[in-house]
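Read through the structure below, which is laid out as structure tokens, and then see the notes.
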Amino acid sequence: MDEKAAKKKPVKKIAGVVTLVCMLLASVVSSLMLRGTQEKIIRLEERIAFMKEECVPLRFEVLKHKDSEIEVELAAYDCLTGRKTGESRVFSLRGEELFVDFQIIRLSDDDFVFFPSGLYTDIMAMEDAEKLFSLYDENGFPSIYRGLIDGLPEDEQKELELQLSQYFAMIKEGWQGSSSGQYGTSVHDLKSVVQFKKGFTYKVLCHPHTGGMEIVKE
């Protein structure tokens with residue numbers, strides 16, 4: 001064995017050890033991150049368990065429905081307190097049938113969070129839907145869940161506020177759910193209104209313990 005080969009062996013051995021240590025550290029960090037995420041999901045589930053069987057994060061009033069034109073005014077509401085959050089917005093759409101799109105994150109068999117995401121009609125493509133996030137975007141936090149964290153100790157409040165804000169950001173960016181369930185699974189739920197009438201207010205009724213939703217006239 002020549003001198004050069006003799007020198008290379010210790011270098012390769014050291015490099016192998018460094019690589020192994022890096023892999024172990026990455027595994028530990030990944031495990032801690034996953035455990036931290038799962039713990040946050042569990043704490044969020046515990047808060048959702050206090051919610052009633054139904055909540056109303058969105059209401060809309062039909063202002064006009066004539067000549068294939070629909071004009072509606074929408075507003076978001078706190079799922080816990082029922083208080084209006086943010087400002088109402090008026091949307092004018094062409095079509096006869098109205099669709100409201102929600103993105104729903106399933107945290108467990110009994111815990112779901114709802115995010116109103118889009119509004120469109122029977123002659124509009126889903127990708128052209130009017131986005132609804134601005135109705136309840138409170139500096140990146142989904143204000144429809146403000147009541148869920150109010151009254152908690154400051155550290156818990158900040159933690160759950162961050163968790164809900166992260167979900168909200170992922171939804172706004174088009175996240176379609178984690179196949180592993182690590183961050184929960186996400187689905188779209190469309191509800192349509194055909195027989196809606198001018199001057200009436202409708203509410204979107206969500207069920208946080210079953211994941212179901214429906215549109216009901218008030």
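The values are calculated or read from the model by the stated rules, or taken from the named source; none is laboratory data. Just so it is clear, the model here is predicted, and its values are computed rather than measured. FYI the Cβ positions are ideal-geometry reconstructions off the backbone, even for glycines, and counts take in every protein chain you see. Protein only, heavy atoms only, side chains kept; ligands, DNA and RNA dropped before computing areas. Shrake-Rupley method; radii C 1.70, N 1.55, O 1.52, S 1.80 Å.
Considering region 128-145, and only residues there that are assigned to a helix (DSSP H, G or I) and either of a type in the set (Ser, Thr, Tyr) or more than 17 Å from the chain's Cα centre (by Cα) (or both), the residue that is farthest from residue 45 (Cα to Cα) turns out to be 128.
Tallying residues that are within 16 Å of residue 56 (Cα to Cα) and touching a helix residue (DSSP H, G or I) at 6+ places or on another chain (Cβ under 7 Å) within region 128-144 yields 3. So if I check each of 74, 132, 107, which one is at pLDDT 90 or above, out of contact with any His (no Cβ under 9 Å at 6 or more places or on another chain) and within 20 Å of residue 208 (Cβ to Cβ)? On inspection, the qualifying residue turns out to be 132.
Among residues of region 116-161 being under 18 Å from residue 87 (Cβ atoms) and of a type in the set (A, V, I, L, M, F, W, C), the one that is surrounded by the most Cβ atoms within 10 Å (Cβ to Cβ) is 144. Figure legend. Inter-residue proximity from region 164-175: first residues outside any loop (DSSP other than H, G, I, E, B), second residues among the polar types (S, T, N, Q) and open to solvent by less than 30 Å² (accessible area, probe 1.4 Å), beta-carbon distance below 8 Å, spacing 6+ or different chains. Indicated pairs: 171/103; 171/117; 171/186. Name the residues in region 73-127 that are closer than 20 Å to residue 163 by Cα, assigned to a strand (DSSP E or B) and among the acidic types (Asp, Glu), would you? Matches in region 73-127: 111 only.
Evaluated against (1) in a strand (DSSP E or B); (2) open to solvent by 10 Å² or more (accessible area, probe 1.4 Å), residue 70 falls short on exactly one condition, (2). Of the residues contained in region 42-57, none is found to be open to solvent by less than 70 Å² (accessible area, probe 1.4 Å), farther than 17 Å from residue 115 by Cα and at pLDDT 90 or above.
Would you say residue 76 is aliphatic (A, V, I, L, M) and in contact with a helix residue (DSSP H, G or I) (Cβ under 6 Å, 6 or more places away or on another chain)? Yes, satisfied.
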